[in-house]
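Novice: A single structure is presented below for examination.
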Amino acid sequence: MRIARFVVDDAPMYGVVEGEPGSEEVAVVNGDPFFGKVEVTEKRHKVDDIRLLAPIIPRSKVVGIGRNYAEHAKELGNEVPPAPLMFFKPNTAVVGPGDPVTMPTFTEEVSYEAELAVVIGRICKDVPADRVNEVVFGYTCANDLTARDVQRTDNQWARAKGFDTSCPLGPWIETELDTEDLTVRGYLDDELKQDGNTSQMIWDVKDLVSLVSQAFTLLPGDVILTGTPSGVGLITDGQRYEVEIEGIGALSNPVIRR
Ligand code: MG
């Protein structure tokens with residue numbers, strides 16, 4: 001099932017997306033699917049007639065994972081870490097499909113990073129890897145935008161990874177997905193830049209959720225970014241980056257400098 005969050009006139013609501021790419025419709029859902037059963041109503045809209053929002057604004061956190069693909073660690077001159085490298089992006093970093101990413105004034109080098117995002121469905125802690133399926137709500141596409149120059153000079157990555165608009169999510173959450181072998185692609189102004197596969201992850205989704213939950217209690221709506229494949233590079237004012245993940249869909253955002 002594909003769960004979208006969207007607006008037609010004013011109030012955000014949830015819906016179930018149905019249909020083939022290009023002709024999707026969304027059936028309006030009563031209430032919040034994160035805290036109740038998905039109750040589909042009769043009301044429907046064409047996806048072209050609505051504005052998709054980030055499918056989730058985490059109430060507590062986005063946990064990022066650094067260097068989870070060996071080729072990507074290598075391209076930036078880094079070793080693969082002995083344990084997953086974790087960082088936070090605040091929920092104020094999250095934006096939705098098509099929303100502009102605003103380059104902060106303190107950086108000259110913003111990089112794109114196409115990533116599979118895991119959305120947590122229930123409160124959990126110390127989850128064994130073989131029970132991770134029970135706590136996952138679904139999966140969406142993410143762009144882990146990074147101020148690379150600031151990442152090099154700051155000891156902590158808070159500014160480099162957590163600035164406003166640095167975490168586009170969408171276009172919706174796919175609740176049924178086998179994540180072991182999915183292509184993860186990224187296009188800069190339609191030119192293919194990243195072409196990876198989740199099978200190349202050093203720690204897979206089950207291991208990551210389990211290890212993250214050893215450090216942090218996870219709440220419904222929390223998001224874990226699973227790292228980016230190789231091919232990262234800079235993006236600047238006027239360009240657009242599209243993240244495309246097999247079995248989910250595509251998330252595209254323009255970058256602007258205010
Ligand atoms: Mg990343």
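The values are calculated or read from the model by the stated rules, or taken from the named source; none is laboratory data. Note that the structure is a prediction, hence the values are computed from the model and not measured. We place every Cβ from the backbone using ideal geometry, glycine too, and count neighbours over all the protein chains shown. Note: accessible area is taken over every heavy atom of the protein model, side chains too, but ligands, DNA and RNA are not part of it. Shrake-Rupley method; radii C 1.70, N 1.55, O 1.52, S 1.80 Å.
Novice: Please tell me the relative contact order of region 100-171 in percent, rounded to the nearest whole number, where contacts are Cα pairs under 8 Å and at least six residues apart. Please list the in-between numbers first.
Specialist: Values: 111 pairs, mean separation 26.6, N = 72.
Once normalised by length, the contact order is 37 percent.
Novice: I've got another one for you. What aspartates and glutamates could a cross-link reach from Lys43, if we take a straight Cα to Cα line under 20 Å and drop same-chain neighbours fewer than 8 places away?
Specialist: Asp9, Asp10, Glu18, Glu20, Glu24, Glu25, Asp32
Novice: Another question about this same structure. Do you know the relative contact order of region 1-61, to the nearest whole percent, from alpha carbon pairs under 8 angstrom that are 6+ apart?
Specialist: 33 percent
Novice: If you don't mind, there's one more thing I want to ask. With a sphere of radius 10 Å drawn around the Cβ of Asp149, what net charge do the other residues whose Cβ falls strictly inside it have (Lys, Arg +1; Asp, Glu -1)?
Specialist: Cβ neighbours under 10 Å give a net charge of -1.
Novice: Once fully extended, how much extra length lies between Lys125 and Ala215, figured as 0.36 nm per residue of separation less the alpha-carbon to alpha-carbon distance?
Specialist: Gain on stretching Lys125 to Ala215: 31.6 nm.
Novice: Next question, about the same structure. Contact order normalised by length for region 62-256, with contacts defined as Cα pairs under 8 Å and 6 or more residues apart; what percent is it?
Specialist: 34 percent
Novice: Let me ask you something else. What are the lysines whose alpha-carbon lies under 16 Å from the alpha-carbon of Lys125, with same-chain residues fewer than 8 places away excluded?
Specialist: Answer for Lys125, where 16 Å is the Cα cut-off: Lys61, Lys206, listed by chain and number.
Novice: Which one, Val28, Phe137, Pro58, is farthest towards the positive end of the dipole of the chain when Lys and Arg carry +1 and Asp and Glu -1 on their Cβ?
Specialist: Farthest towards the positive end: Pro58.
Novice: Could you work out the local net charge near Glu18, counting Lys and Arg as +1, Asp and Glu as -1, over the other residues with Cβ closer than 15 Å to its Cβ?
Specialist: Net charge in that neighbourhood comes out at -4.
Novice: With every protein chain left in place, what is the accessible area per residue of region 62-256 in square angstrom, probe 1.4 Å?
Specialist: For region 62-256, the per-residue accessible area is 40 Å².
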